[in-house]
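Take a look at the structure set out below.
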């Protein structure tokens, strides 16, 4: 496993510690990209690393912090990293949120997600939300490395696996890949799933616990900061995109005026 991962949406790899020049830029690293940390650079505030650029390993330097945020993060458990890698893979496959669901080849990628849960649809089936199929697809693929993810409640509706995660948390099911908690019960970590209610009905955690069906959305957390998390999900801006969730002063996911209702804690 690499030493570190990029923890910003984009990070310049440079030949020398100078952020004001384009001439010294080797390439742009992406969120979640694995890198090998060599050590501090000759200039304070910079780090020397090895990273893959266009299929080749390049050595260069990156700023240790940008706007007060560390540019690299430590590794977490292998199971969590496996899920994060699958989310990042789909984000990159959809050109970091620029590939739209109804355009080839991205519509076909959506089709793969639907087919994995047994439905013959694709991204050109407008008006059919595919975000739950996307999360199911990412979790299923992580299950190729960590079989516990195969116990996920794969579904075309987020509310179904929200309910399943709560039920299994209440039962103390050690085989469950996720346990569902109210936002104030657990602080978020990368590799967890955060869920929202959508629409005007005002559904909450109790509805998910009771097994009610309602319009909802989930994202996989891929970056965790003191004040917010970044999370990847499908059918966001007609693509696989990154969303930001704010935290409370206590470090919990903010409920966003009641729309954000559950944290599914990774147990894999």
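Conditions tested, residue by residue: (1) in contact with a helix residue (DSSP H, G or I) (Cβ under 8 Å, 6 or more places away or on another chain); (2) modelled with pLDDT under 95.
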position	(1), (2)
91	yes, no
96	no, no
100	yes, no
103	no, no
107	no, no
115	no, no
123	yes, yes
128	no, yes
135	yes, no
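Does residue 12 satisfy being modelled with pLDDT under 95, surrounded by 14 or more Cβ atoms within 10 Å (Cβ to Cβ), outside the structural domain of residue 90 (by TED's automatic domain parsing) and over 15 Å from residue 74 (Cβ atoms)? Write out each step before concluding.
On the way: modelled with pLDDT under 95: no; surrounded by 14 or more Cβ atoms within 10 Å (Cβ to Cβ): yes; outside the structural domain of residue 90 (by TED's automatic domain parsing): yes; over 15 Å from residue 74 (Cβ atoms): yes.
No; evaluated as a whole, the condition is false for this residue.
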**Item:** Total residues in region 41-57, condition surrounded by fewer than 15 Cβ atoms within 10 Å (Cβ to Cβ), touching a residue at least 12 places away in the same chain (Cβ under 8 Å) and over 25 Å from residue 94 (Cα atoms)
**Value:** 3
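Return yes or no: is residue 170 out of contact with any strand residue (DSSP E or B) (no Cβ under 7 Å at 6 or more places or on another chain) and either in contact (Cβ under 8 Å) with a residue 40 or more places away in the chain or not in a loop (DSSP other than H, G, I, E, B) (or both)? Let's see the steps before the verdict.
On the way: out of contact with any strand residue (DSSP E or B) (no Cβ under 7 Å at 6 or more places or on another chain): yes; either in contact (Cβ under 8 Å) with a residue 40 or more places away in the chain or not in a loop (DSSP other than H, G, I, E, B) (or both): yes.
In short, yes.
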**Request:** Identify, from the list 45, 68, 55, the residue that is closer than 28 Å to residue 231 by Cα and more than 26 Å from the chain's Cα centre (by Cα).
**Result:** 45
**Asked** How many residues are part of a strand (DSSP E or B) and in contact with a strand residue (DSSP E or B) (Cβ under 6 Å, 6 or more places away or on another chain) if we restrict to region 213-235?
**Response** 15
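Can you go through 32, 118, 39, 27 and tell me which one is part of a loop (DSSP other than H, G, I, E, B) and outside the structural domain of residue 191 (by TED's automatic domain parsing)? Walk me through it before giving the result.
Numbers: 118 fails: outside the structural domain of residue 191 (by TED's automatic domain parsing); 39 fails: part of a loop (DSSP other than H, G, I, E, B); 27 fails: part of a loop (DSSP other than H, G, I, E, B).
Being part of a loop (DSSP other than H, G, I, E, B) and outside the structural domain of residue 191 (by TED's automatic domain parsing) holds for just one of 32, 118, 39, 27, which is 32.
Could you please give the count of residues in region 209-228 that are farther than 16 Å from residue 160 by Cβ and either surrounded by fewer than 18 Cβ atoms within 10 Å (Cβ to Cβ) or free of Cβ contacts under 8 Å to residues at least 24 places away in the same chain (or both)?
Filtering region 209-228 down to residues farther than 16 Å from residue 160 by Cβ leaves 219-228.
Retained after the next criterion (residues that are either surrounded by fewer than 18 Cβ atoms within 10 Å (Cβ to Cβ) or free of Cβ contacts under 8 Å to residues at least 24 places away in the same chain (or both)): 225-228.
Counting residues in region 209-228 that are farther than 16 Å from residue 160 by Cβ and either surrounded by fewer than 18 Cβ atoms within 10 Å (Cβ to Cβ) or free of Cβ contacts under 8 Å to residues at least 24 places away in the same chain (or both) gives 4.
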**Request:** Give the residues of region 1-39 that are touching a residue at least 12 places away in the same chain (Cβ under 8 Å) and over 30 Å from residue 82 (Cβ atoms), sorted by residue number.
**Result:** 14, 15, 16, 17, 19, 25
**Request:** Provide a single number: the residues in region 186-208 that are part of a loop (DSSP other than H, G, I, E, B) and either outside the structural domain of residue 132 (by TED's automatic domain parsing) or exposed (fewer than 14 other Cβ atoms within 10 Å of the Cβ) (or both).
**Result:** 4
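The values are calculated or read from the model by the stated rules, or taken from the named source; none is laboratory data. If you're wondering where the values come from, they're calculated on a predicted model, not measured in any experiment. Don't worry about glycine lacking a Cβ; one is built from the backbone with ideal geometry, like all the others, and counts go over all protein chains shown.
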